[in-house]
């Protein structure tokens, strides 16, 4: 039970109690918090105190409220520190998350628009497209679509091998070690198909990360990741 | 008028025609495209061709569709290349955008939660809060909230002077040149107040950029920017 005192307000105590539980993993990412009236009973505080604490938790990104569904502990899947050509599978592993990769779709397609431009290919050139769903702790995290130029996809191993080793490790083996990349982040609304894979409602706001990867001056991959907004944070060091 | 030929599809021609118009500034950021049936008439193509072109324009981030309102040319306000401690006013200037800054709110508040933590201050310490609205080409772009520790705000010039010179230039003059920062990006829904300032509906998805800035090891600012998702792209170089 919390008690008011001179040096700290009740709602601040409640805020810090919950932050502490999130940090220690007592409240895990994705967990739904009890409703307001239950929190009042648990901590013996008023509704207004609970509301103030919740507002601050939301402002600081520790929880997110979903319309009509309740308040959930925010998963802070922190992206890379900049200047590092991070790999999603390493990021997830370093955060102790169990990961699964499901292949959704693969085959050759015509590169149009930004895809052709990013790979420095003529418009409508044939490229290999691989769509995969990444799950973290058994929950859908991102739909990743990779486009590879013909010179590379003709030499790819089978999909099982590729998925086991990872795309970047495979590129390394083929003699195309990724040396640098540019990433562009923007917000998109999930289309029907993507939303279904992510187990989210159509139109939910997602982070769209487009990456153009080169290997010693040659473009080797253009990829997009679509990640539900409440699962993702991206950190950048600026110097 | 477009005509089908062997080397290029009609919808691809339409896509490239519109991309070209956006790149040359004929179609300016924020402009509403004509409705589908008008595009059919203008370019003498079928509805399905227009639709395919629009889908690809949306996928590539050149336009965004707003529910029930139409299709708009996306403003690609590209953020910084990483590793650079960018200043919003310089970014806007380099893109040739006319900028205005309106002061929304200022005064001392108690730093709680992440604010106190980011500034390395005890919880509930007094800090100075300055809320400003940045407009680009007369349209609201971002609500920026800056929190400054007491040691700094006691020495601040008047608001008019601060706004004229910019916060970072002022910090430099005070002997606190910003030397590095960490930025965290995530998606939030605009609350009622922020939405009103941004002239957007409440709950619209926005990029939330939290920055902790230090000057030679001392924390000098914690700030947040809230920018409508369809106005913002963030670019990062990974090496």
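We did not get these values from a lab; they are worked out from the coordinates using the rules stated. Keep in mind that this is a model prediction, so the values were computed, not measured. Note that each Cβ is placed from the backbone with ideal geometry, even for glycine, and that neighbours are counted across all protein chains shown.
In the protein assembly as shown, the DSSP beta bridges split such that about 95 percent are antiparallel, to the nearest 5.
Based on Cα contacts under 8 Å between residues 6+ apart, segment B:10-73 shows a relative contact order of 42 percent.
For chain A, take the longest principal axis of its alpha carbons; what is the angle in degrees between that and the long axis of helix A:47-59, to the nearest 10 within 0 to 90? Rounded to the nearest ten degrees, it is 20. GNM remark for chain B: springs join alpha carbons under 10 Å apart, and the peak mean-square fluctuation among B:145, B:17, B:194 falls on B:17. By how many degrees, between 0 and 90 and to the nearest 10, does the Cα long axis of helix A:10-23 differ from the longest principal axis of chain A? Orientation of helix A:10-23: about 40 degrees from the principal axis.
The smallest convex shape that holds all Cα atoms of segment B:155-229, its convex hull, gives 105 Å³ per residue. Look at the alpha carbon pairs under 8 Å that are at least 6 residues apart: their mean separation over the length of segment B:78-232 gives a relative contact order of 21 percent. State whether segment B:10-73 is rounded, prolate or oblate according to the following rule on the C-alpha gyration tensor (a ≥ b ≥ c being the square roots of its eigenvalues): a/c under 1.5 gives rounded; otherwise a/b larger than b/c gives prolate, and the remaining case gives oblate. Verdict is rounded for segment B:10-73.
When residue A:17 is represented by a point 7 angstrom out along its Cα-to-C-beta vector, the spacings to that point in the other copies are 6.5 nm, nearest first.
Between identical copies, the spacing of residue B:103 label points, each set 7 Å from Cα toward the C-beta atom, reads 6.2 nm from nearest to farthest. Taking every residue in A:113-119 and counting other chain Cβ atoms within 10 Å of its Cβ, the average works out to 3. Mean residue ellipticity at 222 nm, helices only, chain B: -8000 deg cm²/dmol; runs of at least 4 DSSP H residues each add -39,500 (n - 2.57), and the sum is divided by the number of residues. By its C-alpha gyration tensor, with a ≥ b ≥ c as the square roots of the eigenvalues, how is segment B:159-200 shaped: rounded for a/c under 1.5, else prolate for a/b larger than b/c, else oblate? It comes out oblate by the Cα gyration axes. Across segment A:178-238, C-alpha contacts under 8 Å between residues 6 or more apart give a mean separation that, scaled by the residue count, equals a relative contact order of 33 percent.
Would you mind checking segment A:130-145 for residues with the amide N under 14 Å from a putative spin-label position 7 Å along Cα→C-beta of residue A:174? Those under the cut-off are A:130-131. Remark on segment A:96-235: hydrodynamic radius 15.6 angstrom, per the Kirkwood mean of 1/r across alpha carbon pairs.
The Cα-based radius of gyration and maximum Cα-Cα distance (Dmax) for segment B:81-162 are 14.7, 42 Å.
Would you please give the FRET efficiency between residue A:109 and residue B:17, computed as 1/(1 + (r/R0)^6) with r the Cβ-Cβ distance and R0 = 35 Å, to the nearest 0.05? It comes out at approximately 0.95.
What the Kirkwood sum gives for the protein assembly as shown is a hydrodynamic radius of 24.4 Å, with every pair of different alpha carbons counted. Inter-copy label distances at residue A:151, shortest first and taken from points set 7 Å along Cα to Cβ: 5.4 nm. Quick one: grab the alpha carbon gyration tensor of chain A, order the square roots of its eigenvalues as a ≥ b ≥ c, and give me rounded if a/c is under 1.5, else prolate or oblate depending on whether a/b is larger than b/c. Cα axes put chain A in the prolate bin.
Averaged over the residues of B:185-193, the number of partner chain Cβ atoms lying within 10 Å of the residue Cβ comes to 6.
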